[in-house]
Amino acid sequence: MKAGAVMFAVFVVLGLLGPWLAPYDPTHVDLALRFLPASGAHWLGTDSNGIDTLSQLLWGARDALVISVCVVTISATIGLAIGTLAGWYRGIVDEVAMRIVDILMAFPGILLNIAIVATVRRPGLGVVIFALCANGWVGYARVARGQVLALRERDYVSAARALGASGPRIMFHHLVPNLVGPALVQITFGFGAVITIEAALSFLGLGPQVDYTWGAMLAQGTAFLWKAGFRTYVLVPGLAIAWVMIAVNLVGDGLDPRKRGTL
Amino acid sequence: MSLGSFLLRRLGSGALAILGVTVLVFAFLHLVPGDPIDHLAGGEATPEQRAQLEHCLGLDESAGAQLVTFLGHVADGTLGHQCPDPEHKPSVAARIFAVMPYTLALALAGMLVGIVLALPLGVLAAVRRGTWVDTLASVTALSGIAVPMMLFASLAVLIFFAELGWLPGPTETGPLALLLPAICVGTHLMAMLSRMTRSSMVEVLDEDYVRTARAKGLPESRVLFVHALRNALLPVLTVAGMQFGSLLTGAIIVEKVFARPGLGTTLLEAITERDYPVVQGTVFVIAVIYVLVNIGIDLAYGLIDPRIRVR
């Protein structure tokens with residue numbers, strides 16, 4: 001858990017400071033510098049366009065951080081709101097919300113992401129974030145609804161109601177604070193999921209149209225896998241994604257009371 | 001509840017889900033700005049040609065009418081036609097069904113690889129709880145989850161095809177050529193299932209009936225695999241079923257790395273060509289496969305756990 005938190009912190013710091021730490025411009029093409037091996041000037045070498053790999057990695061961390069923070073924040077907010085409302089008001093609100101959840105879960109999520117991104121010719125960060133949020137909220141809504149259904153029967157909720165507290169007041173002051181714990185586990189894993197899906201979209205050529213996302217780097221690494229001396233390039237974004245995934249899995253398992261001690 | 005009514009109810013909710021997904025994807029493809037005609041017709045098309053193409057794609061109708069037309073194409077089994085020149089091109093369904101076996105074979109082989117690797121790994125980790133074997137299994141599982149499939153697939157091609165030459169590489173489609181892609185698709189599943197098998201087995205191994213089986217003097221392999229594993233299998237099967245969707249999407253990535261034909265390759269081609277009928281049709285077919293697999297998994301529960309049949 002602690003190791004995971006430290007690993008995650010490293011990702012966040014590099015994502016925040018990456019653009020300032022990057023020694024070169026990640027879009028500066030210099031064909032004279034193509035496929036350079038690691039050296040003092042280019043610590044991780046250069047890519048097929050002569051762009052510094054370390055700079056791409058650091059700018060890619062920024063993109064991964066921006067996308068994952070935005071998607072997780074928006075999805076969690078929408079999901080917790082819908083789940084709380086569904087669990088609190090039940091009836092028709094619950095029925096409609098849960099049918100939508102069922103539909104979105106009865107379907108491989110990345111396919112919907114692909115379908116949305118595919119409608120735009122050159123998707124930017126905004127479109128990718130929107131596509132990932134379109135079904136990203138579902139898991140949060142399910143967990144929140146389940147929690148609220150259990151919590152609404154608790155004594156302190158009955159007491160608040162007896163004191164004349166309004167529905168919204170009970171939801172925001174009594175229910176939502178109790179949802180944070182279970183939601184936190186999901187939020188942690190959410191970071192990993194978003195980064196993997198974004199990388200997959202970029203890998204398939206459907207991500208934000210820049211060359212330095214980790215997925216785009218993976219795609220380039222795979223395309224030039226046959227070039228001797230350039231084979232380590234694919235490891236750079238691959239291990240960066242693995243780093244974040246290991247971090248979120250260690251933290252998530254540590255936060256999850258059911259899984260504590262299994263890893 | 002009888003099996004018949006259970007099946008009917010599941011098919012009903014499955015059909016509702018497929019309809020929902022169809023409407024959703026339809027809405028995104030048709031309501032979001034961006035004109036497929038521009039791409040299909042090219043810059044030099046005359047207004048007549050554009051109008052013809054628009055008519056062929058049905059874009060001159062209202063969104064509601066287009067949706068009804070698509071549902072009609074679902075009913076007649078063609079899933080629509082490819083424009084322009086629909087008479088001389090195969091229907092969308094024909095194009096999809098031509099490549100579907102490749103993707104299904106890949107996903108099923110991936111599932112087989114995942115399960116075959118995960119069960120022994122999970123059982124071993126549960127039996128040797130707290131030892132180095134358990135730690136090794138955990139590290140293997142975490143690596144399987146953490147390493148992106150794109151990297152894993154690339155490295156697998158590099159090592160087993162390019163360097164060692166043991167297995168067929170990209171663009172080949174024989175049965176042996178399925179092995180490497182299946183391992184790539186199945187590794188992530190292996191990771192999830194082995195963790196699941198471990199925790200499920202740990203619980204089951206403490207049950208009285210396992211102690212009884214041991215007390216009867218049954219050989220340990222029989223206790224583990226017949227008495228314990230069969231009962232531990234239910235949650236594992238649930239996760240395996242839920243992961244079938246990710247196998248299908250994993251197949252999209254692996255198909256790209258291995259340049260294999262399949263639903264993923266077709267979908268990506270259709271997206272690049274802005275061929276919306278094919279995009280819509282492929283997404284629809286994948287949703288149907290996904291829903292049917294989930295119903296199949298529900299039925300399989302009954303075979304493994306008789307208690308569920310009675311409920």
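Using the structure shown, decide if A:Ala38 is crowded, with 18+ Cβ neighbours inside 10 Å and farther than 21 Å from B:Ala17 by Cα.
Values: crowded, with 18+ Cβ neighbours inside 10 Å: no; farther than 21 Å from B:Ala17 by Cα: yes.
In short, no.
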How many of the residues making up the range A:102-126 are in a helix (DSSP H, G or I) and either without any contact (Cβ under 8 Å) to a residue 24 or more places away in the chain or farther than 25 Å from B:Gln280 by Cα (or both)?
7
May I ask you to list the residues in the range B:215-231 that are surrounded by 14 or more Cβ atoms within 10 Å (Cβ to Cβ) and over 22 Å from B:Ala137 (Cα atoms)?
B:Leu218, B:His227
Within the range B:206-215, can one find any residue that is touching a residue at least 24 places away in the same chain (Cβ under 8 Å) and farther than 22 Å from B:Ala17 by Cα?
yes
B:Arg211 fails exactly one of (1) under 24 Å from the mean Cα position of the chain (by Cα); (2) in a helix (DSSP H, G or I), namely (1)
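Go through the range B:272-290 and report how many residues are part of a loop (DSSP other than H, G, I, E, B) and either more than 10 Å from every other protein chain (Cβ to nearest Cβ) or among the aromatic types (Phe, Trp, Tyr) (or both).
2
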Residues located in the range A:78-101, provided they are among the β-branched types (Val, Ile, Thr) and free of Cβ contacts under 8 Å to residues at least 60 places away in the same chain:
A:Ile92, A:Val93, A:Val96, A:Ile100, A:Val101
Confirm whether B:Ala94 is under 24 Å from B:Leu263 (Cβ atoms), part of a helix (DSSP H, G or I) and free of Cβ contacts under 8 Å to residues at least 40 places away in the same chain.
yes
The one condition in (1) among the small types (Gly, Ala, Ser); (2) surrounded by 24 or more Cβ atoms within 10 Å (Cβ to Cβ); (3) at the interface with another protein chain (Cβ under 10 Å from one of its Cβ atoms); (4) under 24 Å from A:Ala115 (Cβ atoms) that A:Gly207 fails to fulfil:
(3)
Of residues in the range B:143-200 being assigned to a helix (DSSP H, G or I), within 23 Å of A:Ala219 (Cβ to Cβ) and of a type in the set (Val, Ile, Thr), the one nearest to the chain's Cα centre (by Cα)
B:Val185
Being in contact (Cβ under 8 Å) with a residue 24 or more places away in the chain, assigned to a helix (DSSP H, G or I), touching a helix residue (DSSP H, G or I) at 6+ places or on another chain (Cβ under 6 Å) and surrounded by 24 or more Cβ atoms within 10 Å (Cβ to Cβ) narrows it down to one of B:Gly250, B:Gly241, so name that one.
B:Gly250
Report yes if some residue within the range B:126-138 is closer than 21 Å to B:Ile252 by Cβ and surrounded by fewer than 18 Cβ atoms within 10 Å (Cβ to Cβ); otherwise report no.
no
Check on A:Leu80, surrounded by fewer than 21 Cβ atoms within 10 Å (Cβ to Cβ) and either out of contact with any Gly (no Cβ under 8 Å at 6 or more places or on another chain) or of a type outside the set (Asp, Glu) (or both):
no
May I ask you to say which residue of B:Leu179, B:Leu164 is surrounded by 15 or more Cβ atoms within 10 Å (Cβ to Cβ) and not polar (S, T, N, Q)?
B:Leu179
Quick one: A:Gly146 ticks every box in (1) within 14 Å of another protein chain (Cβ to nearest Cβ); (2) in a helix (DSSP H, G or I); (3) surrounded by fewer than 22 Cβ atoms within 10 Å (Cβ to Cβ) bar one, so which box is it?
(1)
Select, from A:Val244, A:Val251, the only residue that is in contact with a helix residue (DSSP H, G or I) (Cβ under 6 Å, 6 or more places away or on another chain), within 10 Å of chain B (Cβ to nearest Cβ) and of a type in the set (Val, Ile, Thr).
A:Val244
Tell me yes or no: at least one residue of the range A:21-33 is crowded, with 16+ Cβ neighbours inside 10 Å and either of a type in the set (Lys, Arg) or in a helix (DSSP H, G or I) (or both).
yes
Quickly run through the range A:182-196 and pick out the residues that are of a type in the set (A, V, I, L, M, F, W, C) and either in contact with a Leu (Cβ under 6 Å, 6 or more places away or on another chain) or away from every other protein chain (no Cβ under 11 Å) (or both).
A:Ala183, A:Leu184, A:Val185, A:Ile187, A:Phe191, A:Val194
Check A:Ser166, A:Ser202 and return the single one that is within 11 Å of another protein chain (Cβ to nearest Cβ), of a type in the set (S, T, N, Q) and more than 22 Å from A:Tyr140 (Cβ to Cβ).
A:Ser202
Can you name the condition, by its number, that B:Val293 falls short on among (1) of a type outside the set (S, T, N, Q); (2) free of Cβ contacts under 8 Å to residues at least 60 places away in the same chain; (3) more than 14 Å from chain A (Cβ to nearest Cβ)?
(3)
Any idea which of A:Leu151, A:Leu125 is away from chain B (no Cβ under 14 Å), surrounded by 15 or more Cβ atoms within 10 Å (Cβ to Cβ), modelled with pLDDT under 90 and closer than 30 Å to B:Ile271 by Cα?
A:Leu125
Unique match (being within 14 Å of another protein chain (Cβ to nearest Cβ) and at pLDDT 90 or above) among A:Val138, A:Val117, A:Val69:
A:Val138
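Per-residue answers, yes or no, for (1) β-branched (Val, Ile, Thr); (2) out of contact with any Pro (no Cβ under 8 Å at 6 or more places or on another chain):
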{"site": "A:Val157", "(1), (2)": "yes, yes"}
{"site": "A:Gly164", "(1), (2)": "no, yes"}
{"site": "A:Gly181", "(1), (2)": "no, yes"}
{"site": "A:Leu184", "(1), (2)": "no, yes"}
{"site": "A:Gly207", "(1), (2)": "no, no"}
{"site": "A:Tyr212", "(1), (2)": "no, no"}
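The values are calculated or read from the model by the stated rules, or taken from the named source; none is laboratory data. Owing to the predicted nature of the structure, the values given are computational and were not obtained by experimental measurement. Every residue, glycine as well, gets a Cβ built from its backbone with ideal geometry; the counts of neighbours run over all protein chains shown.
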